[in-house]
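Read the figures in this text as sums done on the coordinates, not as results from a lab. It should be emphasised that the depicted structure is a prediction, and the values quoted were computed from it without experimental measurement. Methodologically, a virtual Cβ is constructed for each residue, glycine included, from the backbone with ideal geometry; neighbour enumeration extends over all protein chains shown.
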Amino acid sequence: MKTHAFNIAVAAALLAFAAGPVRALKYAAPEHSLKADPSIPKWNPGPVASEPEEELTIVGADIMDEMVLGWTKIYRKQYPRLSLTMDLRASGAGSPGLVSGQGHLAPVGREMFPKERQAFIDKFGYEPLEIKVATGSVGSLGKTASSVILVDKDNPIDCLSLPQLDAIYSKTRKLGHKEVNTWGDLGATGAWATKPIHLYGLKAVNGIEQYFKAVAMDGGEYKDNIQFVKGKGFTHAFTVAAEDMAKNPGGLTYALLANVTPNVKVLNLSSKQGGTCYAPTVENVYQHKYPFSRYVYIYVNKAPGKPLEPKVKEFLKLVLSQEGQQVVADERVFIPLLPEVAKEELKKLD
């Protein structure tokens, strides 16, 4: 048995970033003081065989490092003969880790990109199993933050629905709203009624753009009049867009709370036309009332009709338990799952 595998692997995961073109770990200020819901059942560990040289390997997102480390500490105490290896480089390492067979669990701080998912399907003939393990942050850069919609601070509109956003950004309008080109089409009056909507966005593919397209546009096609912005990293590009609105009246962009500048404001959002509008607050994101509340995931290889390996299943059971969700809460950036979500995810393991 590799008695030092866990410690060596953790050190390697936290220091390997200098060895290649991967993201550096970044500090994120605490956003909340939530606790795991006490109605989430505690972990009831099952038997896991620990054969000589038996390993559990975790390959994936650097931004989930604190949670994964917390889970592995609890897991290792329960199964001390099992060697645990962590290789947390980036979300993009998760799918290749599963496809190559080098990773048993792939923490990914976003939904898999279509090409990543397809690479897995091409290899195995079925989809990877996707397990929600935490809610994303409210506004921390690099911690899978909720998207927000920014407009001019003097814009009379205070709330938009997802169908309206679909009609603003897409040609296809899959959510059923009538065509939108001006602020008057959204109900603005006076001088704003005839102002065209100046749109900003990011070129595909990145996690924020992909998520916006999936939620607000049901995967539809973009309009041709979108100004795709650039910056030092895609999160900085949103700040460029926000600042540019000062000289391009009538602007609108999806962004993050960290990109708010003095000349813009954040809109409330509703999931359906005429629905309740919600602000991107901790409580609304925790409850997933805010439409752009996100999840982070662990992906695993589970063939249809076949059981998960016990060592993999037990790790996921831990993650979805009260103890595992308290690990999420203790980071104070990512947000624990609601009890009903944890229950639904547990069902996927059988």
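In region 125-160, whose amide N lies under 17 Å from the spot 7 Å out along Cα-to-Cβ of Ala214? List them in ranges. Within reach of a label on Ala214, which here means backbone N under 17 Å from a point 7 Å along Cα→Cβ, region 125-160 contributes 127-137, 143-148. Each residue, Lys35 and Lys77, gets one label point 7 Å from its Cα in the Cβ direction; the gap between the two is 1.8 nm.
Among rounded, prolate and oblate, which fits region 148-286 when a ≥ b ≥ c are the square roots of the eigenvalues of its C-alpha gyration tensor, a/c under 1.5 means rounded, and a/b larger than b/c means prolate? It is rounded, given that a/c, with a ≥ b ≥ c, falls under 1.5. Per residue, the chain reaches -9000 deg cm²/dmol at 222 nm when only DSSP H runs of four or more residues are counted, each adding -39500 (n - 2.57).
Evaluate the charge dipole of the chain about its Cα centre and quote only its size in Debye, nearest 20, assuming +1 on the Cβ of each Lys and Arg and -1 on the Cβ of each Asp and Glu. Its charge dipole is roughly 100 debye. Assuming a ≥ b ≥ c are the square roots of the Cα gyration tensor eigenvalues, decide whether region 58-143 counts as rounded (a/c under 1.5), prolate (otherwise, with a/b larger than b/c) or oblate. Note, shape of region 58-143 comes out oblate. Among Phe120, Phe113, Phe334, a tally of other beta-carbon atoms within 10 Å of each Cβ gives an order, fewest to most, of Phe113, Phe120, Phe334. Among the trypsin sites (Lys or Arg not before Pro) in region 149-193, those placed in a DSSP loop whose Cβ has at most 10 other Cβ atoms within 10 Å are Lys178.
Which residue, chosen from Ile197, Thr172, Thr182, occupies the Cα position most advanced towards the positive end of the dipole of region 158-201, where the dipole is computed from +1 (Lys, Arg) and -1 (Asp, Glu) charges on Cβ about the Cα centre? The Cα lying farthest towards the positive end belongs to Thr172.
I want the antiparallel fraction of DSSP beta bridges within region 148-286, as a percent rounded to 5. Restricted to region 148-286, the bridges split so that about 55 percent are antiparallel. Remark on Ser170: its backbone amide H falls under 5 Å from those of Lys223, a criterion applied only to residues 5 or more positions apart or on other chains, H modelled at 1.01 Å from N. Comparing Cα centroids, region 189-253 and region 48-78 end up 39 angstrom apart.
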